[in-house]
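Visitor: Starting off with a structure, shown below.
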Amino acid sequence: MNPILIGEEDERLSVMLMILITGKSYENILESKNDEKILFPEYGKNRNELKAFVSSLKGDEIIVTSSLELVDLILERFKRGEENFLIYSDTGESLTFKEAYELRKYLDFDLRGAESKSWKRVSVIFVEGKTDSKFFKAAYKKLFGFKDARRDIPDNLKLMERLFERDNYELIVKDGAYIAIIPSEGNSGVIRNLGNLLRAMEVFEFAVDKIGVAMDIDESEERVIDSIRGKLSSFEYSTEGENFRVGDVTVVPLLIGAKIELGPCIEWEKPAVEDFMLAILEGDRTFKKLERAINILCVDLRRKLKPKEVIYLAMASKKFWGNLEGFYEMSIMRTPKWKVEKVLKSEGIYRKMTALIP
């Protein structure tokens, strides 16, 4: 999508249903649209008053606001129209309401923008789910010496700062290099967040060094790579070996696709992080005691056990009563470094993880 530039007369503006303007330079946008009705919602309104205001909108207004609460209410109501745009006035570039809605919902992105004073070395890794985020967080801490960095958010990520205050959204640091690990609701969510983050960097003029896309190869590696290429086709990108480049940003596919032999009573369905966990746990004294229980359950249930079921058995045997994500992190941190490294190197993941360190 082409940006809407300050002072540029664009035929699309005449057919837009709604324009939202954020940022400090809104006067520049309004100068080219002074024949339109401009609404400045008052500060200090409570949520009920804001809801009433949004309900009164016809959908053809231009609204200038610095209220994220109002922005959220408007995006929720008018998000479906591709002809609706949010303009960040400091750059004059725009997002569709759909893009803006997804940035708010999935990345807690501050659509009001912010000034970046000093950028750090930063990588972002989008993973499929919460257990994946804990797995990669623990692996980076164990193998490369990263540490938690929740109180130290680099300017590159300030527009998503609140995101890392929540559980399962991980931010780690080592020697001034940061890695943000963000769960994304499956393969489709990883691809969605990849495109939205790249769009946000265009509009709000910030950057990260590298973006990792950690995805299971459900059917074939080619199909996963094609889905990444499809999303990148909206941008000017080039191919660099196994990776891609969009401007100064390197996009690294971190594909989980190895078939790991887990024994005759464990059913391998598709590549997943659970396979790595079982390979890391294999040989553990407590895990060895599970072999008899696994065999008995396999006979009693008249089927093989799924990898995640075996992990739950391992949790019980170790008397770990927390959640699955916590068990992943604890197990990796208590496993010898050489063993974790061996498993990840054998499946080609270690090399990709190294490539993502900014």
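Visitor: In nm, to one decimal, how far is the Lys319 label point from the Ser66 one, both placed 7 Å along Cα→Cβ?
Guide: Reported label-point gap for Lys319 and Ser66 is 5.7 nm.
Visitor: With r as the distance between the Cβ atoms of Glu240 and Leu57 and R0 = 51 Å, compute the FRET efficiency 1/(1 + (r/R0)^6) and round to 0.05.
Guide: 0.65
Visitor: Shifting gears a bit: Set the bar at 27 Å for Cα to Cα. Now go through Lys51/Lys79; Lys130/Lys318; Lys174/Lys308 and name every pair that lies beyond it.
Guide: In this structure, Lys174/Lys308 exceed 27 Å between Cα atoms.
Visitor: Further question: Carbon and sulfur: what percent of the chain's accessible surface (1.4 Å probe)?
Guide: 46
Visitor: Given the options Leu73, Met160, Val273, identify the residue whose Cα lies farthest towards the positive end of the charge dipole of the chain (+1 on Cβ of Lys, Arg; -1 on Cβ of Asp, Glu).
Guide: Of Leu73, Met160, Val273, it is Val273.
Visitor: Hey, another quick one. So for each of 132-142, 317-327, 165-175 I average, over its residues, the number of other beta carbons within 10 Å; can you give me the resulting order with the highest mean first?
Guide: 132-142, 165-175, 317-327
Visitor: Can you report the principal axis dimensions of the chain using only the alpha carbons, biggest first, rounded to whole angstrom?
Guide: Over the chain, Cα extents along the principal axes are 78, 43, 38 Å.
Visitor: For Lys141, which aspartates and glutamates qualify as cross-link partners when the Cα separation must be under 16 Å and same-chain residues fewer than eight apart are set aside?
Guide: Partners found: Asp132, Glu170, Asp175, Glu325, Glu329, Glu341.
Visitor: If one takes the longest principal axis of the Cα atoms in the chain, at what angle in degrees, from 0 to 90 and to the nearest 10, does the Cα axis of helix 290-301 lie?
Guide: So the helix axis and the longest Cα principal axis differ by about 80 degrees.
Visitor: For Gly176, what charge total do you get from the other residues with a beta carbon under 14 Å from its beta carbon, if Lys and Arg give +1 and Asp and Glu give -1?
Guide: 0
Visitor: If you place +1 on the Cβ of every Lys and Arg and -1 on the Cβ of every Asp and Glu, how big does the dipole about the Cα centre of region 183-261 come out, in debye to the nearest 20?
Guide: Using Cβ point charges on Lys, Arg, Asp and Glu, region 183-261 gives about 180 debye.
Visitor: What is the helix-to-structure angle for 221-232, meaning the angle in degrees between its Cα long axis and the longest Cα principal axis of the chain, kept from 0 to 90 and rounded to the nearest 10?
Guide: The helix 221-232 is inclined about 20 degrees to the chain.
Visitor: Using r as the Cβ-Cβ distance of Arg302 and Lys270, and R0 as 22 Å, what FRET efficiency do you calculate, to the nearest 0.05?
Guide: 0.50
Visitor: Quick check on packing: order 272-280, 332-340, 295-303, 180-188 by the mean number of other C-beta atoms within 10 Å, highest mean leading.
Guide: Final packing ranking: 272-280, 180-188, 332-340, 295-303.
Visitor: Taking the Cα centre of the chain as origin and charging only Cβ (+1 Lys, Arg; -1 Asp, Glu), how large is the dipole, in debye to the nearest 20?
Guide: In debye, rounded to 20, the chain gives about 2280.
Visitor: Beyond a 25 Å Cα-Cα separation, which of these cross-linked pairs lie in this structure: Lys98/Lys158; Lys142/Lys231; Lys147/Lys337?
Guide: Checking Cα-Cα distances, Lys142/Lys231 exceed 25 Å.
Visitor: At each listed q (0.11, 0.24, 0.28 Å⁻¹), what is the log10 of I(q)/I(0) that the Debye formula gives for region 99-161 modelled as equal alpha-carbon point scatterers?
Guide: Per q value, in the given order, log10 I(q)/I(0) is -0.33, -1.20, -1.27.
Visitor: Summing Lys, Arg as +1 and Asp, Glu as -1, what charge do residues with Cβ under 11 Å from the Cβ of Val252 carry, Val252 excluded?
Guide: Once all neighbours under 11 Å are counted, the net charge is +1.
Visitor: Nearest 10 degrees, 0 to 90: what angle lies between the long axis of helix 97-107 and the longest principal axis of the chain (Cα atoms)?
Guide: Long axis of 97-107 versus the principal axis of the chain: about 40 degrees.
The values are calculated or read from the model by the stated rules, or taken from the named source; none is laboratory data. Bear in mind the structure is a predicted one, so any value in this text is a computation, not a measurement. Here Cβ is always computed from backbone atoms with ideal geometry, including for glycine, and neighbour counts include all displayed protein chains. Remember, those area values only see protein heavy atoms, side chains included, never the ligands or the DNA or RNA. Shrake-Rupley method; radii C 1.70, N 1.55, O 1.52, S 1.80 Å.
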